[in-house]
Amino acid sequence: MATEERRKEILETLKNAVIQYDEDAAKEFSQMALDEGMDANDAIFNGLVSGMEEVGRLFEAQEYFVPELLMCADALYVGLDILKPHVKQLDLGIRGSVVIGTVEGDVHDIGKNIVKMMFDVAGFQVYDLGKDVPLDKFVEEHMKTHSDLVCLSAMMTTTMVGMKKVIDDLKAKNPDVKIMIGGAPVSQDIAEKWGADGYSPDATNALKDAINMISSLKKMKEEAEAKKGS
Amino acid sequence: MPDDAMTPRERVLKLFAGEKIDRPPCFSGMGNVTTEGLKKFGYKFAAVHSDAKMMADAAASTYKLFGFECGVVPFDLCVEAEALGCAVNVYSHVEDILYPTIKTKLVNSEDEMDIAIPSGLTERGRVPLMREAIGLMKKDIGGEVVAGAHVLGPFTLAGQVMELNTLLKLSFKKPDKVGKLLDKLADALIIIAKEYEKAGADYITVREMGATSDVLSPRVFKTLILPYLQKIFSKLELNTVLHICGKTNDIAVFMLDSGAKAISVDQKNDVAETRKKIGDSALLFGNYDPYNVLVSGTTDQVRETIKQCMNNGVSAVWPGCDIWPTVPPANFNAMMDEVKQYRR
């Protein structure tokens, strides 16, 4: 087992590896965390995800832009690929699954991929349909997988309109499904009018929402552990 | 009526020439076909992209139906990438309105970025069709309104010919390599834009929305994007507009430095602030939301928004993006009426 001091050092390095989009460091220290007997969850949440939280702040402060964000995400994935097989299944009373994709007519998938990454980190089962996805495909995949969530993304005003049809179809088939829509042209107003359960106008907000979601998962995990300890 | 003092065409040309006009024109440099216009001819949206006569008819119909003060082709953003060799999907199987997208990339990895611009570019893809459509549209309504066309900016075009993720990361990691590609794409865009000019376009809008500050830092915009926009605008003789959507307040001054005669911004730009920054004489077009206001707003909301744009100091009332085709006629009419009533 790594000492507390060593643990902190590894976590700090993982965090900085993500912030400084250093894939080599992310790889080396993720492996080191495992070799030295650290908990993989600890390394993911308190190392890699902490780094991504800081990236979110830098993005919001407009110190980082999309290229930096993509490079940070690459570093996070390098670490995640190493650590994830060693994650002990968390019993949080949540088993999330999500169908995600960019609607037909839209070939932009950067925002969608960022949201997908955060779902991956959170341990969700992610069914990624990719980009330019025919509208019926979302309903089909949801019915097949019984996912808790369906996330629709559109980058352009010209494709956003297709989301309404998917929302209507999904709600008609399964009133309990939660639907998130996202992308530059989407607004709170549109989300409400069309009956979506949540929305994100841009990558900043998508990232923020996803981080909030992860942060609340982290909190639940800590509470669960505190209960176990008492 | 002061409106009779000049035709919409004269008003826009005077605006570009820096002469005094009675009110801001209400036009666009981007697509503005409406479902009303398509209905009039019985055209399907998916079909108008590949037929010069249909494209010209549809483009002219927005002026004829609503008095919108221009005609603009094309309606999609794929002409340039297609001419360079990318395949286009027009979604002919879809009944609803879907804009064409690029199906295949030209550059599949970092090693393939050293592309050659094909010879005879003006005879490739739909460039000849565009030439014909501009001519037909000009013959139809060119005496009354200006004829416009648009091309992408080099960076946005690069995002079509190669994977956008890769392009964005390389623009940070290897800007020299990206710069070389942008330089070539700028050459291609100059050739195509000049062809549109020859065909009779009165103005051309360069759409560089991929380089918005929602995506790239103002620093990268200035060092990596701006030089190639400057190259393009220095080579074109007709009236030019540079359009970038999203957060543009921090790059508005750079946009003017590009050498475009006018800059165009969308609803995310604080136009009053931009006007202060760039001074009274610079041409600033914008900036109503073409979907959330023009399509889904009430007529009162449309009037309020349009008045606000003019009070904030736009030189022309102009949408933040393509006009979404299902715009309700009452909203379109309210917009035109609000502009025509306005006096500085």
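The values are calculated or read from the model by the stated rules, or taken from the named source; none is laboratory data. What you are looking at is a predicted structure, and each value in this text was computed from that prediction instead of being measured. Methodologically, a virtual Cβ is constructed for each residue, glycine included, from the backbone with ideal geometry; neighbour enumeration extends over all protein chains shown. SASA here: full protein model, heavy atoms, side chains in, ligands and nucleic acids out. Shrake-Rupley method; radii C 1.70, N 1.55, O 1.52, S 1.80 Å.
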- Item | Residues (in a helix (DSSP H, G or I), of a type outside the set (Lys, Arg) and open to solvent by 90 Å² or more (accessible area, probe 1.4 Å)) located in region A:13-28 | A:Asp24, A:Glu28
- Can you spot a residue in region A:138-150 that is in contact (Cβ under 8 Å) with a residue 24 or more places away in the chain and closer than 19 Å to A:Val66 by Cβ? no
- Message: Looking only at helices (runs of 4 or more DSSP H) that lie completely in region B:1-72, which have at least 1 residues being among the small types (Gly, Ala, Ser) and closer than 19 Å to B:Leu136 by Cβ?
- Response: B:35-41, B:52-66
- Of the residues in region A:61-83, those that are facing chain B (nearest Cβ under 10 Å), surrounded by fewer than 20 Cβ atoms within 10 Å (Cβ to Cβ) and free of Cβ contacts under 8 Å to residues at least 40 places away in the same chain come to A:Gln62, A:Glu63
- Note on the structure: Exception for A:Asp209 within (1) surrounded by fewer than 17 Cβ atoms within 10 Å (Cβ to Cβ); (2) at pLDDT below 85; (3) part of a helix (DSSP H, G or I); (4) away from chain B (no Cβ under 14 Å) falls at (1)
- Query: Among the listed residues A:Lys165, A:Lys116, A:Lys137, A:Lys131, which satisfies the condition of being within 14 Å of chain B (Cβ to nearest Cβ), assigned to a loop (DSSP other than H, G, I, E, B) and open to solvent by 10 Å² or more (accessible area, probe 1.4 Å)?
  - Reply: A:Lys131
